[in-house]
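Step one of this worksheet: look at the structure below.
The values are calculated or read from the model by the stated rules, or taken from the named source; none is laboratory data. Only a predicted model underlies this, so the values are computations on that prediction, with no experimental measurement involved. Here Cβ is always computed from backbone atoms with ideal geometry, including for glycine, and neighbour counts include all displayed protein chains. Note: accessible area is taken over every heavy atom of the protein model, side chains too, but ligands, DNA and RNA are not part of it. Shrake-Rupley method; radii C 1.70, N 1.55, O 1.52, S 1.80 Å.
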Amino acid sequence: MVDSIVPENIRTLTAYPPGKPLSELERELGVSSAIKLASNENALGPSPKATRAIANALPELHRYPDGGAFYLRRRLSKHVNVQPNELLLGNGSNEIIELLIRTFCSKDAGVLTSEATFVVYRLVSQAAGVPFEAVPMTDLHFDLDAIAERVTSNTRLIFLCNPNNPTGTKFNQESLDRFLVRIGDDPIVVLDEAYIEYVPQAERVKAMELIAKRPRTVVLRTFSKAYGLAGARIGYGMTSEAIADYVNRVRQPFNVNQLAQVGALAALDDTDHLQQVIELTESGKQKIYAGLESMGMRYTPSWTNFVLFDTFRDGKSLYQAMLKQGVIVRPMNAYGLPSHLRVNMGLNEENDRFLAALKQALNSN
Ligand SMILES: Cc1ncc(COP(=O)(O)O)c(C=O)c1O
């Protein structure tokens, strides 16, 4: 037994519960036609330009990647209009979340966020032995006023997920401005914008202007969602040079692999593909809303590529009944929402299969 030598914060840690992999369900069911709508992935897949760039880079795999990601940094700095040394790159934005906590937090300088948000903020805080507090939501939205009230001199990082996973809701510029006035300049505010590409421009908060005005701000983005590169593992952040410099000291020298770098670079150039993804997602969302409503489910209007809905019964057993039909959605127990399920928009035929499977699961439940 090793229990006695494991620190308390690690012994009580539970591993991140990922969406069930397709291959696992297919093995269990002995079928080959299961569909996965559980991890907010992109139904259309990556841009063909990205897959070509990745294929072209394969013969160089014996080389270490460019640890400074020169070309991607230069391209991204134009894309988001910051200097290359104001960018953070990570093995998924998950890694940047971890790096921020490891770089800036300690047992006296903790993390503050909301309940029912991305669980990785909590898991990494606990693993790092850092104080963590989650403030209740109001009506499945971040309650920024309530979060501001909990800020103390020991609050180091505040994670604001906008739009939020798993609720799909967002806050607006006015609420954010009021929040920032209330909390002052000390805590580092991390705006996690993993789903921002799905939000129309006019509805987004002005995150980049904020970095210029308030240096202790980080904006996180990812290539895993609208850009369809979840398997490549690459995310990025924008911040002040001073914050980027410290994070850079803590990260592994080759944290972003070469295939991810060239794939991301090519994906940024394929704006047509991105547009197709956004349009397919929007039409799928309308169809799923209508289907859920007709079955008496209550959905939360979403700014993302997924929808959270209340089934008014045990979500986990519906989830299991749908698994038997080869449809993987996401139960929400880990987020404290046991009667809810989360589904991401897929291809048209996948959305139809989801609605049919839910109907059947409800009938037999
Ligand atoms: C809100 C949010 N942030 C960050 C991530 C991490 O994404 P990745 O590590 O794939 O970039 C996710 C993934 O589900 C997410 O939903």
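The table below lists the values:
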{"quantity": "Two-site FRET efficiency, Val181 against Gln83, from Cβ-Cβ distance with R₀ of 35 Å, rounded to 0.05", "calculated": "0.85"}
{"quantity": "Cβ-Cβ FRET estimate between Leu44 and Arg74, R0 fixed at 35 Å, reported to 0.05", "calculated": "0.80"}
{"quantity": "Relative contact order [Cα under 8 Å, 6+ residues apart], segment 48-269, whole percent", "calculated": "30 percent"}
{"quantity": "Computed magnitude of the charge dipole of segment 72-166 (debye, nearest 20; Cβ of K, R +1, Cβ of D, E -1)", "calculated": "640 debye"}
{"quantity": "Given charges at Cβ of Lys, Arg, Asp, Glu: the chain dipole, positive-most of Met297, Ala15, Pro131", "calculated": "Ala15"}
{"quantity": "Segment 1-123 shape via C-alpha gyration tensor axes, a/c threshold 1.5", "calculated": "oblate"}
{"quantity": "GNM result for the chain, Cα springs below 10 Å: residue of Asn85, Asn333, Asn94 fluctuating most strongly", "calculated": "Asn333"}
{"quantity": "Radius ratio Rg over Rh of the chain, counting only Cα atoms, Kirkwood formula for Rh", "calculated": "0.96"}
{"quantity": "Added length on full extension, which subtracts the Cα-Cα distance from 0.36 nm per residue, Glu279 to Val119", "calculated": "54.8 nm"}
{"quantity": "Cut-off under 5 Å, modelled amide H: who pairs with Thr222 long-range", "calculated": "Tyr236"}
{"quantity": "Net charge contributed by nearby residues that have their C-beta within less than 14 Å of Arg298 (K/R +1, D/E -1)", "calculated": "-1"}
{"quantity": "Only Lys, Arg (+1) and Asp, Glu (-1) charged, at Cβ; segment 170-242 dipole about Cα centre in debye", "calculated": "100 debye"}
{"quantity": "Accessible carbon and sulfur surface of segment 258-310 relative to its total accessible area, %, 1.4 Å", "calculated": "52 percent"}
{"quantity": "Positive-end extreme of charge dipole, the chain - chosen from Thr117, Gln252, Cys161 (charges on Cβ)", "calculated": "Gln252"}
{"quantity": "Projected label distance in nm at Asp269 and Asn56, using a 7 Å step from Cα toward the beta-carbon", "calculated": "0.6 nm"}
{"quantity": "Anisotropy class of segment 113-228 from Cα gyration tensor, a/c 1.5 cut", "calculated": "rounded"}
{"quantity": "Cut-off 12 Å, label 7 Å out along Cα→Cβ of Asp145, residues of segment 175-214 by amide N", "calculated": "175, 179"}
{"quantity": "Solvent-accessible surface ranking, highest first, for Val181, Val343 at 1.4 angstrom", "calculated": "Val181, Val343"}
{"quantity": "Beta bridge orientation in the chain: antiparallel %, DSSP, nearest 5", "calculated": "55 percent"}
{"quantity": "Cα lying deepest toward the dipole's positive end in the chain, options Ala242, Leu318, Ile5, charges on Cβ", "calculated": "Ile5"}
{"quantity": "Charge dipole magnitude, Cβ of K and R +1, D and E -1 - segment 48-269, Cα centre, debye nearest 20", "calculated": "720 debye"}
{"quantity": "Local net charge near Val262, Cβ-Cβ under 15 Å (Lys/Arg +1, Asp/Glu -1)", "calculated": "+3"}
{"quantity": "Stretchable slack from Asn365 to Asp108, in nm (0.36 nm times residue separation minus alpha-carbon distance)", "calculated": "87.7 nm"}
{"quantity": "Long-range amide H partners of Ala38 with built H, under 5 Å", "calculated": "Asn344"}
{"quantity": "Largest-first ordering by accessible area, 1.4 Å probe, given options His62, His273", "calculated": "His62, His273"}
{"quantity": "Spin-label pair Arg249/Met208, simplified geometry with 7 Å Cα→Cβ offset, distance in nm", "calculated": "2.9 nm"}
